[in-house]
Structures are given as C-alpha cells and as structure tokens.
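Here is the structure we will look at.
The values are calculated or read from the model by the stated rules, or taken from the named source; none is laboratory data. Since the structure is predicted, the reported quantities are computational estimates derived from the model, not experimental observations. As a convention, Cβ positions derive from the backbone with ideal geometry for all residues, glycine included, and neighbour counts pool all protein chains shown. What goes into the accessible areas is simple: the full protein's heavy atoms, side chains included, and nothing from ligands, DNA or RNA. Shrake-Rupley method; radii C 1.70, N 1.55, O 1.52, S 1.80 Å.
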Amino acid sequence: MVCVAVNGKPVLGVIHKPFSEYTAWAMVDGGSNVKARSSYNEKTPRIVVSRSHSGMVRQVALQTFGNQTTIIPAGGAGYKVLALLDVPDKSQEKADLYIHVTYIKKWDICAGNAILKALGGHMTTLSGEEISYTGSDGIEGGLLASIRMNHQALVRKLPDLEKTGHK
C-alpha cells in the first residue's frame with residue numbers, strides 16, 4: 001500500500017494485491033481505477049473486521065445491527081477497504097462496512113482512507129472524527145469505513161465504546 005497525505009489529509013492511495021496482481025488507486029479530485037458498488041445494505045450489513053485484532057467488534061456489530069448481520073473476518077486493512085468497493089478481482093469478498101475497535105497504525109489505513117475519500121466514502125474514528133495523518137503513529141478509537149451510506153447516522157448508531165468498556 002502507498003498513501004500520500006497533505007497537511008494530514010489522505011489524497012492519494014494505492015492498494016496492490018500481489019497474488020491476484022490487482023492494483024486499485026484513487027486520488028482525491030484526480031480520478032481512480034476503482035468505483036463504489038451500486039448498492040449497500042445499511043439495515044443488516046455485511047461487516048468486514050480484523051481477523052487478528054478483533055477486540056469486541058463482533059459483539060458491537062451484532063448489538064448495533066442485529067443478529068442477521070454477517071461478520072467477515074479478514075486480514076489486511078487494504079483488503080478490508082477493497083471489500084467495500086467494486087473491484088474486478090473475483091476472489092475479493094464483499095462487505096458493506098469496515099469496523100475496527102482496537103488500536104490501529106495510521107500507515108496501515110491511509111491508502112484505503114484516500115481511496116474511499118476520492119470515491120465519496122468515509123473513514124473516521126468510531127466517534128466520527130476525521131483521522132489526521134500527522135502526530136501520533138496510530139489511533140486508539142477504532143475506525144468505521146463506509147461508502148454510499150449515511151456515515152454520521154452509522155456513527156450515531158454505534159455504542160460509545162469508552163462508556164460500555166468494549167474496547
């Protein structure tokens with residue numbers, strides 16, 4: 001993955017999948033070779049989550065969206081962002097949301113954030129704050145990534161993990 005951030009904002013992202021030889025790229029106000037899918041399920045979403053750093057994300061997702069919610073454990077932040085998009089790689093799983101509830105390094109999410117931003121999507125902390133790519137090397141507050149959905153409504157729907165102790 002490659003990301004260019006200007007003044008802390010991600011503006012160019014590249015995610016390469018070496019085994020399928022697929023590369024997705026997008027630049028804010030500059031084009032892309034990938035696009036959003038035509039529809040997403042906000043009511044009972046398919047949610048892609050970290051396979052190795054899951055924290056309480058399964059419980060949070062089911063509590064927030066109900067028992068019909070599908071949880072997709074996966075490795076790699078880039079893979080999880082691509083799961084939200086319409087990519088030609090047939091082996092790519094499809095998800096409606098990407099939720100992460102534990103600490104995550106900024107370098108691991110910057111490229112995906114840039115691609116989502118370029119396509120009109122969002123990647124924020126779980127409390128809805130924009131992620132700045134300056135200062136610390138990671139974020140404590142987890143993240144929520146979506147595209148073609150009411151992102152702020154999704155943020156409001158999620159429980160306050162600080163208060164519930166689900167971190």
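Just a few scattered comments:
- Residue under evaluation G30, criteria (1) touching a helix residue (DSSP H, G or I) at 6+ places or on another chain (Cβ under 6 Å); (2) over 15 Å from L84 (Cβ atoms); (3) small (G, A, S), criterion not met: (1)
- Any hit, region 137-147, residues being within 13 Å of the chain's Cα centre (by Cα) and closer than 19 Å to V4 by Cα: yes
- Restricting attention to region 107-125, the residues being open to solvent by 20 Å² or more (accessible area, probe 1.4 Å) and free of Cβ contacts under 8 Å to residues at least 40 places away in the same chain number 1.
- Strands (runs of 3 or more DSSP E) contained in region 1-103 and holding at least 3 residues open to solvent by 20 Å² or more (accessible area, probe 1.4 Å) and in contact (Cβ under 8 Å) with a residue 40 or more places away in the chain: 2-6, 9-17, 22-27
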